[in-house]
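J.: Below: one structure in C-alpha cells.
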Amino acid sequence: MRGRYIVSALSFSKEGGEGMKSLKKAWDLFEDIAAGTFLSVGIALIFYGVMMRYAFNEPKAWVEEVANYTIVWGALLGVPVALRNNHHIQVDMLYDKLPRRVQRAVDVFASIMGVLFCIFFAYYGYLLVAKRYVSGMVSMDVGIPMWIVYLILPISGIMFLFRFLEKLVQALRGEKIVNTVDMVELPKEKGDAPNGPHAI
C-alpha cells in the first residue's frame, strides 16, 4: 500500500513538472508573439507613412503617432524576452574571475535588485495610468486615451518581474546564468572547421 502511494506521488510530481514546462513554453511563445507583433506593426506603419508622404504626397498625421506607441509597446514587451535569453548588456570581466560561490552570491543579489526595481516600476507605472485615466487625457492626433498608452508600464513591469523571479530561483539553486551567445562554439583558428550544431 505504501509503495502505491509513493508511485502515485512520483507520477503526480512528474505530471506537474510536465505541466509547468508546457505552461512556460506557452508563456515564452506569448512574449515572443506580443513583442514581435507590436514591433512589426510599428515598422510597417513607418514604412506606410514614408510611402504616403514621399511617393503619393499624401502624409498621414496619425501614422507617426500610432507607430511611436506601438514601437514603444513592442520594445517594453521585448525587455522580458531579452532577460529570458540573457541578452542584456553584461560587464563580466571581473565576474568571470570570481569563485563560483561568489558568482552565485552576485547572481542572487542582482536578481533581488531586479525584483525590487520591477516592483517599483510596475507600481509607479500603475499610478501614472490611474492619473491619466482620471484626467481623461487623449493623444493629439488620433485621440487615443493616454491611460491605454501608459498601460504598458505596469504590464511590462509585471512581465519583467516574472523573469527576474525566475532568475532568482535559478541563482538560489546554484544554476549558472549563461548568455545564449556564450553557448555558441567558435573555431580556435581561422582554418578550423566548425564543430557541432551550434558552431558558426
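J.: Mind telling me which of the residues A130, A67 ends up being more than 19 Å from the chain's Cα centre (by Cα), in the same structural domain as F160 (by TED's automatic domain parsing) and surrounded by 13 or more Cβ atoms within 10 Å (Cβ to Cβ)?
T.: Details: A67 fails: in the same structural domain as F160 (by TED's automatic domain parsing).
One residue alone meets the criteria, A130.
J.: Next question. With the structure loaded, tell me whether W73 is within 15 Å of F160 (Cβ to Cβ) and at pLDDT 95 or above or whether it fails that test. Reasoning before the result, please.
T.: Values: within 15 Å of F160 (Cβ to Cβ): yes; at pLDDT 95 or above: yes.
Criteria met by W73.
J.: Cβ-Cβ under 6 Å, sequence separation 6+ or interchain: first residue in the range 141-158 and assigned by TED's automatic domain parsing to the domain that holds R84, partner at pLDDT below 95. Which pairs?
T.: Filtered contacts from the range 141-158: no entries.
J.: Would you pick out the residues in the range 75-121 that are out of contact with any Lys or Arg (no Cβ under 8 Å at 6 or more places or on another chain), under 19 Å from L29 (Cβ atoms) and not small (G, A, S)?
T.: Result: L76, L77, V79, V81, N85, N86, H87.
J.: Residues that are at pLDDT 95 or above and farther than 19 Å from A35 by Cβ, at least 3 per element: which helices (runs of 4 or more DSSP H) completely within the range 89-182 meet that? Give the steps one after another, and end with the answer.
T.: Working: elements: 100-135, 146-150, 152-172.
In the range 89-182, the matching helices (runs of 4 or more DSSP H) lie at 100-135.
The values are calculated or read from the model by the stated rules, or taken from the named source; none is laboratory data. Owing to the predicted nature of the structure, the values given are computational and were not obtained by experimental measurement. Note: ideal-geometry Cβ built from the backbone for every residue, glycine included; neighbour counts use all protein chains shown.
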